[in-house]
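K.L.:
Have a look at the structure that comes next, please.
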Amino acid sequence: MPRHEESGSEGGAGNGHESPYRAPETGSAHEPNAAAHDRHAEGVREATRDATGTPAPRRPLDGEPARRSPYPPAAGPSDWFTPPSAPAAAPEPAPGGHAFTDRHSAAHEPPSREEPAELRLDDTAPHGFPPIPAADAPPHKPPAAPHKPSAPPYEPPATATAAPYGVQGFLSPAQEAAPPPLPATQRLEVPHPADAPGKAAPPAPPKRKSTLQAAPKPPRPAKQREPYLDNVKFLLIALVVMGHSLVPTLDAGSARSAYLFIYSFHMPLFVLISGYLSRNFWNSNAKTNKLVDTFLIPYLIVEIGYAALRYALGSKWSLTIIDPAWLNWYLLALLLWRLSTPVWRRMKQPLLVAVAIYLLSGFSEISGDFSFDRFFGLLPFFVLGLMIKPEHFELLNRLWVKIVAAVTLAAAAVVAIIIAPHVKLAPIYFKDSYHDLHLSWWMGLGLRAALLVAALAMSFSVLALVPRRQTWYTDLGTRTLYAYLLHGVPVMIAKEMGWLSLPWLYGPLGAIAIMTICFTLAIVLCLPGTRTLFKWIIEPRLTWLYRRPAKPATATRGQKAQPGKT
């Protein structure tokens, strides 16, 4: 510990009591008086520290000019040091003083009862505060607390651990020679006896299970349905009911024109929406189960029900499971489309492949077993639905697109009215071959291509004009399957009873009346009460038929669970 030499004050002068430390006698045989006096001054400085560690102001010796350290005051307990200077003349030692041979033991001088001049309050200053010191004045320090003489300071033994750096205290030579303690990051860890080679580590104490249970996760909010698609589905199912009801009056020009207009786009658009809703069909076990719950089982029940209804109305009993009767073709075709979804999802250009299959299928006379003819005839619309994304629908929600859509539908209606009496209706069913239509191969290709373009133009026009907000028929669009499978019963009864062949129905007013009644029927069949009555037929719960999904195997400690294995 380096020693800075400075002049000290006389021990015990003016303190009212005798200092316990004495300076060495003049001419001491131990060492010069100047060095002893320096140690005495250092001890006085240590003894006159207040509780905050601030040393008392230094007073110059008699006849010595006041000196101030040229260094700026430093924070910490070492701010009272001054740079080394020439040793001052040793003053006369105080009577009765004695010398200390250990340079680390210093005499303590109690502070003077008289306040230094620079700390005295100025009565003329406002509120009794001390005046602001000049620029060259020493920094202000609070006065030292009066010191009472006590027992000699504690000197730790030489074997004690060295005090931390910066702590003011009395160190022995052994302590001063000891290196400072290492930081926490460099300390050497003492190995545990159990870690010695050849000895097994003691078993770890068993961990206590926490009695605190984790807070339950908040339930996920229910996924809201898109009102836009439900609006489209209800309008389409209403058109399906209207189209089936207009068949007995197709001899009238008004009914035939309406029938041609409706069938040009309503089933292609229905298939396109089905394809859009089948994009993530294979990502859910519940949706996969619907292949049986909502398609196969309802198909069998409805097929048997329509055979019994025809027999009750006077027709012969006929039941062909592989050849769907009337409107049941859509269930089998949708089943096949959804089974083929993974194949279309893996192709780079699925739409081009689907269009090519659609055009080439007209060369073959495909039978109606399992709805294969409709499967190939409407395949491009389903594949296009798989490729559509939600942002594509937003492209149709523009003013100029809506104007073009309205013009397109108006032009299509005019064309249907003009050509309806002169064209056959078979091509709009999207199932007959070129041979069945009595067309050459190039005319057949041109006709199918024109029907594809017209159906897409009218379908996107309808999608652009359908409202996207919540409407009064939005909820009805969530139960369109009930209207599709059940509307055939009243329509078939009305056909067999002749209610749709009344003379006044052959005209524009008759066509409007039929479509109005069918629109009302579609509303009734989409009500929640209808679902409650026929849910056991349309959506049976067959949970007993399926296996429960296997739970993933829990990985053992120290091993990772292998993906794909359960």
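The values are calculated or read from the model by the stated rules, or taken from the named source; none is laboratory data. Just so we're clear, the structure is a prediction, and the values are computed from it rather than from any experiment. Cβ atoms come from the backbone with ideal geometry, glycine included; neighbour counts cover every protein chain shown. Side chains included, ligands, DNA and RNA excluded: accessible areas come from the protein's heavy atoms. Shrake-Rupley method; radii C 1.70, N 1.55, O 1.52, S 1.80 Å.
K.L.:
Using the structure shown, list the pairs from LYS233/LYS389; LYS290/LYS535; LYS233/LYS290; LYS290/LYS431; LYS233/LYS431; LYS233/LYS402 with a Cα-Cα distance above 21 Å, or answer none.
P.N.:
LYS290/LYS431; LYS233/LYS431
K.L.:
Rounded to whole Hz and in sequence order, give me ³J(HN,Hα) for segment 494-499 from the Karplus expression 6.51 cos²θ - 1.76 cosθ + 1.60, θ = phi - 60°, writing x for Gly and Pro.
P.N.:
For segment 494-499, the Karplus-derived couplings read 5, 5, 5, 7, x, 6 Hz, x marking Gly and Pro.
K.L.:
Okay, moving on. Give the long-range amide H neighbours of ASP323: residues separated by 5 or more places, or on another chain, with amide H under 5 Å away, using H modelled in the peptide plane at 1.01 Å from N.
P.N.:
The answer is PHE370.
K.L.:
First compute the accessible area of segment 441-520 with a 1.4 Å probe, then give the percent of it belonging to carbon and sulfur atoms.
P.N.:
Solvent-exposed carbon and sulfur of segment 441-520 make up 77 percent of the total.
K.L.:
Take HIS392 and THR516, extend 7 Å from each Cα along the Cα→Cβ direction, and tell me the distance between the two endpoints in nm.
P.N.:
3.9 nm
K.L.:
Rank by packing, highest mean first: peptides 464-474, 329-339, with packing defined as the count of other Cβ atoms within 10 Å averaged across residues.
P.N.:
Per-residue Cβ counts within 10 Å, averaged per peptide and sorted highest first, yield 329-339, 464-474.
K.L.:
Using a 10 Å cut-off on Cβ atoms, rank the peptides 262-270, 311-319 from the highest mean neighbour count down.
P.N.:
262-270, 311-319
K.L.:
Which whole-Hz couplings ³J(HN,Hα) result when phi for each residue of segment 243-257 is put into the Karplus expression 6.51 cos²θ - 1.76 cosθ + 1.60, θ = phi - 60°, listed in order with x for Gly and Pro?
P.N.:
Whole-Hz 3J(HN,Hα) from phi for segment 243-257: x, 5, 7, 7, 4, x, 10, 6, 5, 7, x, 5, 5, 5, 5.
K.L.:
Pop out the Kirkwood hydrodynamic radius of segment 221-359 from its pairwise C-alpha distances, inverse of mean 1/r, in Å to one decimal.
P.N.:
Averaging 1/r across every pair of different Cα atoms and inverting gives 17.8 Å.
K.L.:
Can you work out the accessible area per residue across segment 365-426, with the rest of the protein chains kept in place, probe 1.4 Å, in square angstrom?
P.N.:
Accessible area per residue: 55 Å².
K.L.:
Okay, next question. Residue by residue through segment 407-418, what is 3J(HN,Hα) from phi via Karplus (6.51 cos²θ - 1.76 cosθ + 1.60, θ = phi - 60°)? Round to whole Hz and write x for glycine and proline.
P.N.:
5, 5, 5, 5, 5, 5, 5, 5, 4, 5, 5, 6
K.L.:
How do the peptides 427-436, 233-242, 351-360, 369-378 rank, highest first, by the average count of neighbouring beta carbon atoms within 10 Å per residue?
P.N.:
Ranked from most to least packed, the peptides come out as 233-242, 369-378, 427-436, 351-360.
K.L.:
Separate question: Label-point separation (nm) for SER433 and THR543, each offset 7 Å from Cα along Cα-to-Cβ?
P.N.:
Computed distance between label sites SER433 and THR543 equals 4.9 nm.
K.L.:
May I pose another question? Could you rank ARG310, ARG225, ARG448 by how accessible they are, 1.4 Å probe, largest area first?
P.N.:
Sorted descending by solvent-accessible area, the residues read ARG225, ARG310, ARG448.
K.L.:
So, one more: Just to be sure I follow: if Rg is taken over the C-alpha atoms of segment 263-340 and Rh is the Kirkwood radius over the same atoms, what is Rg/Rh?
P.N.:
When Rh is taken as the Kirkwood radius, the ratio is 1.05.
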